[in-house]
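Let me give you the structure first, and then I'll get to my questions.
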Amino acid sequence: MKKGQGTLNGFLDQGCAIKGDVVFSDLLRVHGQINGKVASEHELLVGEGGVVEGEITVGRLVVAGTVKGTVRVKESLMVHGTGRVLAEVFAPTLIVDEGGVLEGVVHMTRTDKPSEPPT
């Protein structure tokens with residue numbers, strides 16, 4: 001999975017809400033509200049004004065809105081300056097811009113094994 005190669009798979013605009021499970025491939029952009037499970041091997045982008053609450057399992061997560069619940073990402077979690085993540089987070093890479101909020105327990109595990117020191 002290479003960054004920037006995703007095709008927009010879906011868009012949930014402000015004023016729209018989904019309650020239940022959401023599964024997608026490539027890229028889902030949310031400016032509305034989702035309450036439930038969200039799953040994909042690819043990227044979820046929560047835009048300003050967007051709210052996702054529940055169990056989120058994705059390849060990459062970019063947050064400029066609000067995320068609540070449990071977050072599991074395969075590659076990285078990026079919280080922009082307007083973003084709020086109120087969750088238990090499992091991520092190998094975490095980036096929080098100035099002004100971004102992250103409240104909760106964070107578990108960071110490396111996906112690659114460290115190399116052996118030279119002998």
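The values are calculated or read from the model by the stated rules, or taken from the named source; none is laboratory data. From a predicted model like this one, the values you see are computed outputs, not experimental measurements. Cβ sites come from the backbone with ideal geometry, for glycine too, and all protein chains shown count toward neighbours.
Quick check: is even one residue across the stretch 75-88 farther than 22 Å from Phe11 by Cβ and either at pLDDT below 95 or touching a His at 6+ places or on another chain (Cβ under 9 Å) (or both)?
yes
Of the residues Gly59, Gly36, only one is of a type outside the set (S, T, N, Q), over 18 Å from Gly100 (Cβ atoms) and in contact with a His (Cβ under 7 Å, 6 or more places away or on another chain); which?
It is Gly59.
Kindly indicate whether any position in the stretch 100-109 is surrounded by fewer than 13 Cβ atoms within 10 Å (Cβ to Cβ) and either modelled with pLDDT under 95 or touching a helix residue (DSSP H, G or I) at 6+ places or on another chain (Cβ under 9 Å) (or both).
yes
Of everything in the stretch 48-68, what is crowded, with 18+ Cβ neighbours inside 10 Å and more than 11 Å from the chain's Cα centre (by Cα)? Give them in sequence order.
Hits for the stretch 48-68 are Gly50, Gly54.
Let me ask something else about it. Within the stretch 85-95, take every residue that is surrounded by fewer than 20 Cβ atoms within 10 Å (Cβ to Cβ) and of a type outside the set (Val, Ile, Thr) and give me the one that is nearest to Thr109 (Cα to Cα).
Pro92
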